[in-house]
Amino acid sequence: MSSLSPALFPALSPAPSGARADRPALRFGERSLTYAELAAAAGATAGRIGAAGRVAVWATPAMETAVAVVAALLAGVPAVPLNPKSGDKELAHILSDSEPSLVLAPPDAQLPPALGALERVDVDVDARGPVPEDRRADGDPALVVYTSGTTGPPKGAVIPRRALSATLDALADAWRWTGDDVLVQGLPLFHVHGLVLGILGPLRRGGSVRHLGRFSTEGAARELNSGATMLFGVPTMYHRIAETLPGDPELAKALAGARLLVSGSAALPVHDHERIAAATGRRVIERYGMTETLMNTSVRADGEPRAGAVGVPLPGVELRLVEEDGTPIAALDGESVGEIQVRGPNLFTEYLNRPDATAAAFTGDGFFRTGDMAVRDPDGYVRIVGRKATDLIKSGGYKIGAGEIENALLEHPSVREAAVTGEADPDLGERIVAWIVPADPAAPPALETLADHVAGRLAPHKRPRVVRHVDALPRNDMGKIMKRALTHG
Ligand code: MCA
Ligand code: AMP
């Protein structure tokens, strides 16, 4: 049952006054907003979208995106963050599926033709308006975040307001995260990691965030050496830090002085863990989450960081491992592998317009099937050992469905057949490999051609990094492509 939710941002609503008003809230490069300024700017934008059913947000890594999302949340209007690098096919799908009534964008953004029919509201970060009274029910939708599955186009996960507050408060407990913390991050703002944890998190605590616009080891070092206390990143970012550390004493000093270094979105390889620990004396902690569940587990600030482990369930999260037939695994033996299932206030409510997929995602007793396979150590620590679906690739921390890329590749005239797999990559975790049967064996398509094609249709991070030309794809009697024969052949 839904009840009236307390304010998502107590530091903004009611409008801050006194010393609270002048506290820094957001910084993007040279631009910054105090809590009073953010309340006024978000209030002004909220006033312009009040009657909308759902709003799209052109989620560039800029101040306008943070103001737009806060405005939508204050107005009680669900926000749909759009990857500003989305290709035409991906964008058309998200727009027709989520049917936003307008798009919030930075004044200087060039919007693609796919958005042409939509009313545009420019976000003015200097505008001033009253903060609306936050009177939404905690089950009301707050965000619709698109996430890839194994086949077909991305699905919109509907995230309710209670999931935001539950996950952020659970992390505050686990990480001793307070309004005194200053976060630095350079994550994209159209996914949960960068947006929910990395922007809404500090704002819920009354603390501040400095966004780098684009991640760099120099930027992270600069901010941690000048007052930032926490760093959030995906493993690719920590890998780049580990690579840079030996020749960069400023970076080593910055990490050594941080209160908390947090990695998530994919597994951080033990080698990178160890290199960072050796160079800085500090251990990165991992937390485990998903667009549909927000955060499920974490190593606690006062817990033991353990390379390869994602810690213990967060407060309020029920977590179990189950066998193939659904039997729960009780053993905490570090060996028995099962699928992670979770239940709690942190969960999404549904996939937009996809009752079939929503029903399939939950068990009869309301647990969400994550598809991640794990073991639990004797002290309860969860260690993720793989995932059920081989057709899901994690590259740079982005989840990418093989089927979606295969469909896009098949639309290229030079491609007769296509199969997509992931292979180990030291920087990206996994890189996307396209196995292609060319339409004309004498003129097989080049990597660049196919990469541009996929980037333009879907998104640049979904582009293949390797193309392998083959005469035929191995298929079983049913005609299904045997991907293991490709990768192990
Ligand atoms: C390259 N580019 C292209 C093409 N090739 N553009 C168009 N067509 C092409 N053919 C562009 C890219 O868009 C990019 O532009 C630039 O060239 C470099 O591309 P790339 O090499 O792919 O980027 P990178 O520098 O290697 O990126 C690494 C990264 C990135 C910064 C780590 O992967 C990243 O930001 N990952 C974060 C993913 C994330 O936040 N996942 C959270 C979801 P430009 O440089 O301008 O961009 S998971 C989640 O939310 C759950 C809840 C969780 O647990 O956290
Ligand atoms: P997404 O669907 O993009 O939200 O990504 C969620 C997936 O990222 C999860 O199902 C996991 O497979 C993976 N993931 C997130 N955090 C971690 C972590 N710390 N270690 C390993 N995998 C992770």
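The values are calculated or read from the model by the stated rules, or taken from the named source; none is laboratory data. The structure displayed is predicted, hence computed values, not measured ones. Neighbour counts are summed over all protein chains in view; Cβ atoms, including those assigned to glycine, are modelled from backbone coordinates with ideal geometry. Surface accessibility is based on the protein's heavy atoms, side chains included, excluding ligands, DNA and RNA. Shrake-Rupley method; radii C 1.70, N 1.55, O 1.52, S 1.80 Å.
Structure summary
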quantity	calculated
Residue within the range 285-297 that is within 15 Å of ligand 2 (Cβ to nearest atom) and more than 20 Å from PRO235 (Cβ to Cβ) present	yes
Yes/no for ALA301 being within 16 Å of ligand 1 (Cβ to nearest atom), closer than 27 Å to GLY429 by Cα and touching a residue at least 12 places away in the same chain (Cβ under 8 Å)	no
Residue check for TYR238: assigned to a helix (DSSP H, G or I), buried (at least 17 other Cβ atoms within 10 Å of the Cβ) and hydroxyl-bearing (Ser, Thr, Tyr)	yes
Which numbered condition LEU314 fails, given (1) within 26 Å of ARG222 (Cα to Cα); (2) open to solvent by less than 20 Å² (accessible area, probe 1.4 Å)	(1)
Among (1) touching a Ser or Thr at 6+ places or on another chain (Cβ under 7 Å); (2) crowded, with 23+ Cβ neighbours inside 10 Å - the single one GLY53 does not satisfy	(2)
Within the range 79-126, tally of residues that are of a type in the set (Gly, Ala, Ser), closer than 22 Å to GLU411 by Cα and touching a helix residue (DSSP H, G or I) at 6+ places or on another chain (Cβ under 6 Å)	3
In the range 450-475, residue nearest to the chain's Cα centre (by Cα) [restricted to those that are open to solvent by 60 Å² or more (accessible area, probe 1.4 Å) and not small (Gly, Ala, Ser)]	ARG463
Residue match in the range 245-260 (condition: under 23 Å from ILE384 (Cα atoms), surrounded by fewer than 20 Cβ atoms within 10 Å (Cβ to Cβ), among the aliphatic types (A, V, I, L, M) and within 16 Å of ligand 2 (Cβ to nearest atom))	yes
Selection from the range 217-235 of residues that are among the small types (Gly, Ala, Ser) and part of a helix (DSSP H, G or I)	GLY219, ALA220, ALA221
Hits in the range 180-214 (condition: assigned to a helix (DSSP H, G or I), open to solvent by 20 Å² or more (accessible area, probe 1.4 Å) and within 21 Å of SER226 (Cβ to Cβ))	ARG205
Tally, over the range 343-381, of residues that are farther than 27 Å from VAL80 by Cβ, open to solvent by 70 Å² or more (accessible area, probe 1.4 Å) and touching a residue at least 12 places away in the same chain (Cβ under 8 Å)	3
Count of the range 145-174 residues which are among the aliphatic types (A, V, I, L, M) and either farther than 30 Å from VAL420 by Cβ or part of a loop (DSSP other than H, G, I, E, B) (or both)	8
Set ARG161, ARG136: member being more than 15 Å from ligand 1 (Cβ to nearest atom), under 21 Å from VAL342 (Cα atoms), touching a strand residue (DSSP E or B) at 6+ places or on another chain (Cβ under 8 Å) and not hydrophobic (A, V, I, L, M, F, W, C)	ARG161
Checking GLY194 against (1) closer than 23 Å to LEU314 by Cβ; (2) more than 16 Å from ligand 1 (Cβ to nearest atom), the condition it does not meet	(2)
Number of the exception - LYS399 against (1) open to solvent by 30 Å² or more (accessible area, probe 1.4 Å); (2) in a strand (DSSP E or B); (3) away from ligand 1 (no atom under 13 Å from the Cβ); (4) not β-branched (Val, Ile, Thr)	(3)
ALA446 modelled with pLDDT of 95 or more and out of contact with any strand residue (DSSP E or B) (no Cβ under 8 Å at 6 or more places or on another chain)	no
Residue under evaluation TRP177, criteria (1) under 28 Å from THR229 (Cα atoms); (2) in a loop (DSSP other than H, G, I, E, B); (3) open to solvent by 30 Å² or more (accessible area, probe 1.4 Å), criterion not met	(3)
In the range 90-133, residue nearest to GLU64 (Cα to Cα) [restricted to those that are in a strand (DSSP E or B) and open to solvent by 70 Å² or more (accessible area, probe 1.4 Å)]	ARG120
Selected residue (criterion: most open to solvent (accessible area, probe 1.4 Å)) from residues of the range 383-396 that are among the hydrophobic types (A, V, I, L, M, F, W, C) and near ligand 2 (Cβ under 9 Å from one of its atoms)	ILE384
Only listed residue being without any contact (Cβ under 8 Å) to a residue 24 or more places away in the chain and either open to solvent by less than 40 Å² (accessible area, probe 1.4 Å) or out of contact with any Leu (no Cβ under 8 Å at 6 or more places or on another chain) (or both), chosen from ARG416, ARG431	ARG416
Residues (at positive phi and either within 16 Å of ligand 1 (Cβ to nearest atom) or charged (D, E, K, R) (or both)) located in the range 197-256	GLY213
Qualifying residue in the range 257-270 (condition: within 18 Å of PRO202 (Cα to Cα) and more than 16 Å from ligand 1 (Cβ to nearest atom))	yes
Unique residue being closer than 18 Å to THR60 by Cβ and away from ligand 2 (no atom under 15 Å from the Cβ) when the list is ARG222, ARG240, ARG210, ARG204	ARG210
